[in-house]
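Since the structure comes first, as structure tokens, the remarks are kept for the end.
Read-outs: derived from the displayed coordinates by stated rules, not from any lab. All values reported here derive from a predicted model rather than from experimental measurement. Cβ: placed from backbone, ideal geometry, glycine included. Neighbour counts: every protein chain shown.
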Amino acid sequence: MEEKNEAVEKTNFIYSMIREDLEQKALGKNPVHTRFPPEPNGYLHIGHAKAILLNYFIAKDFKGRFNLRFDDTNPIKEEQEFVDSIIEDIRWLGADWEGRLFFSSDYFETKYQFALRLIEAGYAYVCDLSPEEIRDYRGTLTEAGTESPYRNRPGAENLDLFDRMRKGEFPNGSRVLRAKIDMSSGNLNMRDPVIYRILHAHHHRTGDQWCIYPMYDFDHPFSDALEGITHSLCSIEYSDHRPLYDWIVDRAVELMPEVIKYRSRQTEFARLGMNYTVMSKRKLRRLVEENYVAGWDDPRLPTIAGLRRRGVTPEAIADFQQKTGVSRADSTADLALFEHCIRQDLETKAPRIMAVLDPIKVVITNWPASKTEMFEMENMPDNESAGKRQVPFSGTIFIERDDFMEEPPKNFFRLAPGREVRLKGAYIICCDKVIKDQSGSVTELHCTYDPQTRSGSDSSGKKVKGVIHWVTVEHAVYATVNLYDTLFSVENPEEAEEGNFTTLINPDSLLTIDNVPIEPSIREAHPGSRFQFMRKGYFYLEPERSTGGELVFNRIAQLRDSWAKAQK
RNA sequence: UGGGGCGUGGCCAAGCGGCAAGGCACGGGUCUUUGGAAUCCGCAUUCGUAGGUUCGAAUCCUACCGCCCCAGCCA
């Protein structure tokens, strides 16, 4: 019931359009049917996630269907490896295709038959022009093209040639099948587009069965119509292709009504851009191939695999998708919005724990030697059911280096000489002495605790503004922590020239810290779980790297930090 | 001088002739044993610009300006 309301509430133009289609019964008895059509030639990124989830949620909201269909019509660029990674990513995102996993190549024979009928009906012809000649004949943006000398080849000759193309009698590039449309169209896509080309190449699914392959503009609309896709969503740059899409679908309905399920329609929307990162396949590929990052799943990348490895949840991605909306205007989403979605999701999911990323030792001088006291701390504030844990406390602890200032400004609430601060869940301590090394940097703090201030039974009446986290030296468990920051130091690296966008890479995009002390309960953590390191951020215990008792955490997102912000 | 799109606050985005939703960001308050979270308040007399139609325009008309995409036998 909630789903129905959501569909009603969503205000983007595509939902409005579908609602109208439904009201006017424009779909007949067909259910709303969408699809995501990736080409298996690379990894999916967050921009794709927007498209995937948009299609998936439309199907879900309107009680329709969502297909996953690989657009695998170019064997030269496509590989099984990518099919696998794409399937894994989409499944992880939670977009369920309910068994409707298809490949364009599944319908190659049907498409071949359609091409035959196109030829028979005089809608297509075999053209012997070379690639260069085709380009020249196409004309320019402002000048009409010239008709191919082969355009009016007799039907029987076309059929014969096309048959021989399929049989492999001709080399790559020697001939193509073209749709006969309009060489003087202002839309270049309509100037007798190539719909089949000869490619003597091994296909990852059909093997060597074919040496001619359909082009996207021919294949895609036909596949949609075949599958009964009612709303074929794609990005803005395909707007120019819509007349051709319609042309193909119309011919398919005319010539192959027996296999066509629906007269599919294409609708375009703006794809998602995001600041401080790059989304173009070429740039992403360079980052990976030239080792600027550690692979397609490097947590600094906007790839689904990277986000997953970083620890981002699919729920946060879905929320982000909802919040960025859908329109036709070019847009660049703010990273801050994505981080907001991540924090909001993890706020109620990630148990709290204490870890000190940049430790400085504190000796509590009035603490009884060798005494250990246990404190009970809640795993989640405002959520009893998340349970509690025991945290040991003793005389030597680590605190965060920046939780101490020797000469603090008036609005600094943390530890400073002569000042008091509360150790989260434990006692209030006062800093008595600062120990430094030769160079003058602080190496150790001597403090005293006030026994009256025990957490939960404070009888001191003291009120301190600052609360800091800590970990005892004696009980600490050590981990490696990867602190990730934006991969680029400028807002729009995508705008930089291809040649030097790598110079904009943030030198501090990854800071790995070893031996980060964490409270001992972390030993019970399961790889793959997420925590909030109190006052620091959300961290993911990376399963791939946390093996054999080793702990490797990735920072997913920082907590908002109004103190740090005020410092700027 | 071709065709297709888009222009609403810093970033997204509703709105479709009746007097500018919402989110993020930002600023401020309350609360708080996370300077987290929560919560409250503020934040476009104005919708690329200029005209016009209308009692009334972001919404209709006209012109202009700016930005994006298209000349693969890629998708």
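Candidates A:325, A:270, A:181 compared by Cα position along the dipole of chain A: farthest toward the positive end lies A:325, with charges placed on Cβ. Counting only DSSP beta bridges whose two residues both lie in chain A, roughly 65 percent are antiparallel.
In terms of its alpha-carbon gyration tensor, region A:272-327 comes out oblate; a/c meets the 1.5 threshold, while b/c is at least as large as a/b.
All C-alpha to C-alpha distances of region A:70-197, sorted into 10 Å bins beginning at zero, yield P(r) values of 11, 33, 28, 18, 9, 0 percent in whole numbers. Listed from fewest to most Cβ neighbours within 10 Å, the set A:542, A:237, A:78 follows the order A:237, A:542, A:78.
About its Cα centre, the dipole of chain A is roughly 1200 debye, where the only charges are +1 on Lys and Arg Cβ and -1 on Asp and Glu Cβ.
I need A:372, A:332, A:324 ordered by Cβ neighbour count within 10 Å, fewest first.
Values: A:372 13, A:332 16, A:324 21.
In order of increasing Cβ crowding within 10 Å: A:372, A:332, A:324.
For chain A, averaging the sequence separation of C-alpha pairs within contact (under 8 Å, six or more residues apart) and dividing by the residue count gives a relative contact order of 11 percent. When the charge dipole of region A:6-269 is built from unit charges on Cβ atoms (+1 for Lys and Arg, -1 for Asp and Glu) and taken about the Cα centre, the candidate among A:122, A:196, A:171 whose Cα reaches farthest toward its positive end is A:122. For chain A, the longest principal axis of the alpha carbon atoms and the long axis of helix A:314-324 meet at an angle near 70°. Rg and Dmax of region A:6-269, based on Cα coordinates, read 19.0, 57 Å.
Computed over region A:40-81, the P(r) curve from all C-alpha pair distances, binned at 5 Å from the origin, holds 6, 20, 21, 20, 18, 11, 5, 1 percent per bin.
Taken about its Cα centre, region A:357-468 carries a charge dipole of roughly 220 debye when the Cβ of each Lys and Arg holds +1 and the Cβ of each Asp and Glu holds -1. Treating the angle as unsigned and between 0 and 90°, give the value, to the nearest 10°, between the Cα long axis of helix A:335-347 and the longest Cα principal axis of chain A. Relative to chain A, helix A:335-347 is tipped by roughly 60 degrees. Neighbour counting of Cβ atoms within 10 Å sorts the residues A:391, A:467, fewest neighbours leading, into A:467, A:391.
Have a look at the DSSP beta bridges in region A:357-468 and tell me what percent are antiparallel, nearest 5.
75
Rounded, prolate or oblate: which fits region A:346-455 when a ≥ b ≥ c are the square roots of the eigenvalues of the alpha-carbon gyration tensor, with rounded for a/c under 1.5 and prolate only if a/b beats b/c? Here region A:346-455 falls in the prolate category. Once the Cα atoms are used to define both axes, helix A:155-167 deviates from the longest principal axis of chain A by about 40 degrees.
Could you give the size of the charge dipole of region A:415-568 about its Cα centre, using +1 on the Cβ of each K and R and -1 on the Cβ of each D and E, expressed in debye and rounded to the nearest 20? Can you show the working numbers first?
Working: 18 positive and 21 negative charges, 230 e Å.
So the magnitude is around 1100 debye.
Peptide packing for A:501-512, A:411-422 was compared via the average number of neighbouring C-beta atoms within 10 Å per residue; ordered from the highest value, the list is A:411-422, A:501-512.
Which net charge results when you count Lys and Arg as +1 and Asp and Glu as -1 among the other residues whose beta-carbon is under 14 Å from that of residue A:316? Don't skip to the answer; put the middle values down first.
Numbers: positive: A:50, A:308, A:310, A:323, A:343, A:349, A:530; negative: A:315, A:319, A:339, A:345, A:347.
Local net charge: +2.
The relative contact order of region A:65-121 comes to 53 percent, based on Cα pairs under 8 Å that sit 6 or more residues apart. Within the set of other residues whose C-beta is less than 12 Å from the C-beta of residue A:338, count the net charge using Lys and Arg as +1 and Asp and Glu as -1. Around residue A:338, the charge tally is 0.
The alpha carbons of chain A occupy a box of 102, 54, 44 Å along the principal axes, longest dimension given first. Please work out whether region A:153-229 counts as rounded, prolate or oblate from its C-alpha gyration tensor, where a ≥ b ≥ c are the square roots of the eigenvalues and a/c under 1.5 means rounded, while otherwise a/b larger than b/c means prolate and anything else oblate? In terms of gyration-tensor shape, oblate. Neighbours of residue A:216, meaning other residues whose beta-carbon lies under 9 angstrom from its beta-carbon, give a summed charge of -4 when Lys and Arg score +1 and Asp and Glu score -1.
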